[in-house]
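Chemist: Dropping a structure here in structure tokens format, bear with me for questions.
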Amino acid sequence: MIPFIRPELTIDNHDVNNVINILESGSWVNKKYVNDLEFLFRKKFEVKHAIACSCATQGLVVAVKAAEWKNKLVAMPAFTWPSTLYSLECNDEKVIYCDVDEHTWLLEKLPSMVFSEVDTAIVVDTFGNEAYLDADIPVIYDAAHGYGNPRLGHRGLAEVVSFSFTKVVSGFGQGGIILT
């Protein structure tokens, strides 16, 4: 079993004042705050791009579209949140479901009969467990539960993190970020 890694979280008066300033501005989705968030994620995870989005579901839709998958057969775990499938349906992709490991809840390998047929995959970090698919195909990671995982930002074509209220790092309302 993969151990859960709890990211360190420190909040000081500067952070509290920033939150107050954002809330008092009446516009927490304006360009300055979004740019600041994207900059912090680029710096923290040492990635070239961090693109904020309204929610991780939309981030997955955008990531699949940006990958320019056209009429691909995409492998995905049979155990996942509906957003993963939704991102493929929005882009008219065909799906093949794969079993997950009974201990980690992760899609860790593609069965040989599936591997020879699929063109791409979406893999999911489930319950904070970090997924990694060692396959020679393009992969997008649904990292909604992946904040704090050691390889975050350095797997596949893109990774999408969620800020929903049930996630490791949550935001006021919803939100997500695409890392590439």
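The values are calculated or read from the model by the stated rules, or taken from the named source; none is laboratory data. As the structure is a prediction and not an experimental result, all values here were calculated from the model. As a convention, Cβ positions derive from the backbone with ideal geometry for all residues, glycine included, and neighbour counts pool all protein chains shown. Surface accessibility is based on the protein's heavy atoms, side chains included, excluding ligands, DNA and RNA. Shrake-Rupley method; radii C 1.70, N 1.55, O 1.52, S 1.80 Å.
Chemist: Within the stretch 111-134, track down each residue that is part of a loop (DSSP other than H, G, I, E, B) and either open to solvent by 80 Å² or more (accessible area, probe 1.4 Å) or modelled with pLDDT under 90 (or both). Give the steps one after another, and end with the answer.
Modeler: Kept after step one, since they are part of a loop (DSSP other than H, G, I, E, B), are these residues of the stretch 111-134: 111, 116-119, 125-134.
PRO111, SER116, GLU117, PHE127, GLY128, TYR132, ASP134 - these are the residues of the stretch 111-134 that are part of a loop (DSSP other than H, G, I, E, B) and either open to solvent by 80 Å² or more (accessible area, probe 1.4 Å) or modelled with pLDDT under 90 (or both).
Chemist: Further question: Cβ-Cβ under 6 Å, sequence separation 6+ or interchain: first residue in the stretch 134-161 and small (Gly, Ala, Ser), partner in a loop (DSSP other than H, G, I, E, B) and open to solvent by less than 10 Å² (accessible area, probe 1.4 Å). Which pairs?
Modeler: ALA143/ASP125; GLY146/ASP125; GLY146/LEU152
Chemist: Also, I was wondering about something else. Name the one entry in VAL47, VAL100 that is within 22 Å of PRO150 (Cα to Cα), in contact with a Leu (Cβ under 6 Å, 6 or more places away or on another chain) and touching a residue at least 60 places away in the same chain (Cβ under 8 Å).
Modeler: On the way: VAL100 fails: touching a residue at least 60 places away in the same chain (Cβ under 8 Å).
Going through VAL47, VAL100 in turn, just one is within 22 Å of PRO150 (Cα to Cα), in contact with a Leu (Cβ under 6 Å, 6 or more places away or on another chain) and touching a residue at least 60 places away in the same chain (Cβ under 8 Å): VAL47.
Chemist: Could you pull out the residue among VAL61, VAL74, VAL95 that is over 20 Å from PHE127 (Cα atoms) and touching a residue at least 40 places away in the same chain (Cβ under 8 Å)? Even if it seems obvious, please write down each step before you answer.
Modeler: Working: VAL61 fails: touching a residue at least 40 places away in the same chain (Cβ under 8 Å); VAL95 fails: touching a residue at least 40 places away in the same chain (Cβ under 8 Å).
Going through VAL61, VAL74, VAL95 in turn, just one is over 20 Å from PHE127 (Cα atoms) and touching a residue at least 40 places away in the same chain (Cβ under 8 Å): VAL74.
Chemist: Next up: So in the stretch 140-160, with the set limited to residues that are over 18 Å from PRO82 (Cα atoms) and not small (Gly, Ala, Ser), which one is surrounded by the fewest Cβ atoms within 10 Å (Cβ to Cβ)? If you could, list the steps in order and put the result at the bottom.
Modeler: Just the residues of the stretch 140-160 that are over 18 Å from PRO82 (Cα atoms), to begin with: 147-158.
Checking the rest, the ones that are also not small (Gly, Ala, Ser) come to 147, 149-152, 154-155, 157.
On the way: TYR147: 20, ASN149: 25, PRO150: 7, ARG151: 15, LEU152: 21, HIS154: 12, ARG155: 21, LEU157: 15.
Ranking the qualifying residues of the stretch 140-160, first place goes to PRO150.
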